[in-house]
Amino acid sequence: MKKYCLFLLLLVFGLLPLIVAAQETPLEPVDLRVMTFNIWVGGELVDFGKVVESIQAAQADVVGLQEATGNAPRLATALGWQYVSERTQIISRFPLIDPPGADGNYVYVQVNPGQVVAIANVHLTSDPYSPYAVRDGSTLEEVLQLERETRLPGIEPVLASLEKLIADGVPVFLTGDFNTPSHLDWTAAVMTTRAEVKYPVEWIVTKTVEAAGFVDTFRAIHPDPVENPGITWTYGYPYPRLKLDEVLDRIDLVFAANALEILDSQIVGPAGSPNVDIGITPFPSDHRGVVSTVRVLPVVPPLFVAVQNRRVMQGSEVVVRYHAPGGEDTDKIAIVPAAGDVDSALMWLPPYEASFFGSVTFGTGGLTPGEYAAILINSENEEMSRSPFHVLERDAVPLVRTDKTTYAPGETITVLWENTPGFRWDWVSIYSLNDPDLYNNYWGYVYTKAAIAGKGVFDAAVLGDEMLPPGDYVVRLLFDDGYQVLAETPFTVGE
């Protein structure tokens, strides 16, 4: 009778849990097809339906996207998939969980009830592009220094966040458009077959990823870069339209750590182009996709609560996934103010009856705009896990501003933002005032790193040693790896 009354209360107040059944399933190997795919400015430049067709033809289970520009949910829907991590641009036929401590760097993929692997997805800085530097006469040391200054700082925080997972034996995937070649490709033997490889290079980013415990899945299956260079960027569009001085390379990669076996790796690209395994006509991107089949043994994750969306409009629902301790009738999932503890719960729900893996849904109509957290409380009334989120006013709009309106030449520029979508590739960029060329003419940019409210600095590391010359500028907040301007504000660099 008590459980029936609880059901009625939850139904009346809109708090009925979304239950994910989690039986005691033995840990057994799973074969996953993991894909990386830069879909080229939202997949709209050629035919969005062909993006869908490419993923279907690849028979992918999980896809790390780049340049999704807000289209990840649309793409998942077109595929018939329910699961999207917008802030990491990952879509999946399996449930995705954004666990505490991941900080937007990775998510769990729940391949069986209560059993997960992890996946991270990156899109490293494209400019300046080191193979162009090689083409234009830079020395080996100059090229390696360029990598240390640009792409290495982009991958190091991601690898740091994955370090404990790998040490604990969790299967981890790393997908991405790395915008750097592989050290496995630029060899002395390859110099005789590819004109752009003017000298061997131990490319720093891929060496660092490998040292962290990852295996390049494509090279595991195709070890000879002469026989199969695996080029992913760019044969141009429509194939084979290329600039006369264009260079080709393999920069779209699928890495795996703690895999039982790499079973296969295939290139998805324009039908009839070299080394393509899965051909699509017309192919919708200037990047080929890579899909790898990997056998893994999933793991049972630590106890957690994980808010599904970190940015919630007031009155909308908050879905909280969990792995609870299993103290029947005593465990709780609670909503507290950002700095609140177990005694400051504004609302709470039990894990219900899903073997303590599942999800619950809260309404936010009674919460004022601000910062909150979902917390997991055990039978001893102790906090076991915490997952933060923001509640925004329904009419809240993204904002961006500089800490000053006028700067001296060479002075560091601090930019602050709030009410962003909270996606990992939301970005802030500086342009000359009244310059309409968003694609080419930015002076420098920083990613928000999924922070809904935060700040970034434009110093010599971002703008170069010369910084900004005197003049009028505008700082723009742009959406999800694309060119949709969400907010902007002007500033001046004086004489």
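The values are calculated or read from the model by the stated rules, or taken from the named source; none is laboratory data. All of these numbers come straight from a predicted model, not from anything done at the bench. Backbone-built Cβ (ideal geometry, glycine too); neighbour counts: all protein chains shown.
A few points about this structure:
- Qualifying residue in the range 337-354 (condition: in a loop (DSSP other than H, G, I, E, B), among the small types (Gly, Ala, Ser), in contact with a strand residue (DSSP E or B) (Cβ under 6 Å, 6 or more places away or on another chain) and farther than 30 Å from GLU53 by Cβ): yes
Here's the yes/no breakdown for (1) surrounded by fewer than 19 Cβ atoms within 10 Å (Cβ to Cβ); (2) within 27 Å of ARG311 (Cα to Cα); (3) outside the structural domain of ASN309 (by TED's automatic domain parsing):
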position: ALA408; (1), (2), (3): yes, no, yes
position: THR412; (1), (2), (3): yes, no, yes
position: LEU416; (1), (2), (3): yes, yes, yes
position: ASN441; (1), (2), (3): yes, no, yes
position: TYR473; (1), (2), (3): no, no, yes
position: GLN484; (1), (2), (3): yes, yes, yes
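- Residue count, the range 180-206 (criterion: over 19 Å from TRP233 (Cβ atoms) and either of a type in the set (A, V, I, L, M) or not assigned by TED's automatic domain parsing to the domain that holds ASP224 (or both)): 3
- One residue from THR414, THR406, THR420, THR448 being under 26 Å from the mean Cα position of the chain (by Cα), modelled with pLDDT of 95 or more and of a type in the set (S, T, N, Q): THR414
- Residue in the range 223-233 that is under 22 Å from GLN66 (Cβ atoms) and either among the basic types (Lys, Arg) or part of a strand (DSSP E or B) (or both) present: yes
- Across the range 475-491, the qualifying residues are those that are of a type in the set (Asp, Glu) and under 18 Å from ALA72 (Cα atoms), and the one among them that is modelled with the highest pLDDT is ASP480.
- Selection from the range 103-133 of residues that are over 22 Å from the mean Cα position of the chain (by Cα), more than 30 Å from VAL299 (Cα to Cα), in contact (Cβ under 8 Å) with a residue 24 or more places away in the chain and surrounded by fewer than 22 Cβ atoms within 10 Å (Cβ to Cβ): TYR132
- Evaluation of ILE97 against (1) more than 23 Å from VAL268 (Cα to Cα); (2) in contact with a helix residue (DSSP H, G or I) (Cβ under 8 Å, 6 or more places away or on another chain) (one fails), failing number: (2)
- Residue match in the range 421-431 (condition: buried (at least 17 other Cβ atoms within 10 Å of the Cβ), assigned to a strand (DSSP E or B) and among the basic types (Lys, Arg)): no
- Against the list (1) crowded, with 16+ Cβ neighbours inside 10 Å; (2) more than 18 Å from ALA256 (Cα to Cα); (3) over 25 Å from the mean Cα position of the chain (by Cα); (4) of a type outside the set (A, V, I, L, M, F, W, C), the condition THR232 fails is (3).
- Filtered residues of the range 280-326 (kept if part of a loop (DSSP other than H, G, I, E, B), at pLDDT below 90 and under 19 Å from SER85 (Cβ atoms)): GLN308, ASN309, ARG310
- Exclusive hit being farther than 26 Å from VAL226 by Cα and either at pLDDT below 95 or of a type in the set (A, V, I, L, M) (or both), set ALA167, ALA195: ALA167
- For the range 101-109, the condition of being among the β-branched types (Val, Ile, Thr), modelled with pLDDT of 95 or more and closer than 16 Å to ALA60 by Cα holds for at least one residue.
- In the range 258-270, the residues that are without any contact (Cβ under 8 Å) to a residue 24 or more places away in the chain and at positive phi form no Cβ pair under 7 Å with any partner that is part of a strand (DSSP E or B) and among the small types (Gly, Ala, Ser), whether six or more places apart or across chains.
- Some residue of the range 269-276 being buried (at least 21 other Cβ atoms within 10 Å of the Cβ), under 26 Å from GLU156 (Cα atoms), in the same structural domain as ALA118 (by TED's automatic domain parsing) and not hydroxyl-bearing (Ser, Thr, Tyr): no
- Whichever residue in the range 26-84 is closer than 27 Å to LEU263 by Cβ and hydroxyl-bearing (Ser, Thr, Tyr) and, among such residues, is surrounded by the most Cβ atoms within 10 Å (Cβ to Cβ): THR36
- Filtering VAL247, VAL205, VAL209, VAL201 for residues that are modelled with pLDDT of 95 or more and either surrounded by fewer than 22 Cβ atoms within 10 Å (Cβ to Cβ) or more than 25 Å from the chain's Cα centre (by Cα) (or both) leaves a single hit, VAL201.
- If the condition is being in contact with an Asp or Glu (Cβ under 8 Å, 6 or more places away or on another chain) and over 30 Å from PHE389 (Cβ atoms), then the range 451-490 contributes ALA461, MET467, PRO470, VAL474, PRO490.
- Any hit, the range 187-195, residues being assigned to a loop (DSSP other than H, G, I, E, B), surrounded by 20 or more Cβ atoms within 10 Å (Cβ to Cβ) and touching a residue at least 12 places away in the same chain (Cβ under 8 Å): no
- Just one of the listed residues (LEU349, LEU297, LEU303) is in contact with a helix residue (DSSP H, G or I) (Cβ under 8 Å, 6 or more places away or on another chain), among the hydrophobic types (A, V, I, L, M, F, W, C) and touching a residue at least 40 places away in the same chain (Cβ under 8 Å), namely LEU349.
- Each residue in the range 50-87 was checked for being closer than 14 Å to PHE283 by Cα and touching a residue at least 24 places away in the same chain (Cβ under 8 Å), and 8 of them qualify.
- Single residue of ASP426, ASP435 found to be touching a strand residue (DSSP E or B) at 6+ places or on another chain (Cβ under 9 Å), under 19 Å from LEU124 (Cα atoms) and either outside the structural domain of ASP480 (by TED's automatic domain parsing) or not aliphatic (A, V, I, L, M) (or both): ASP426
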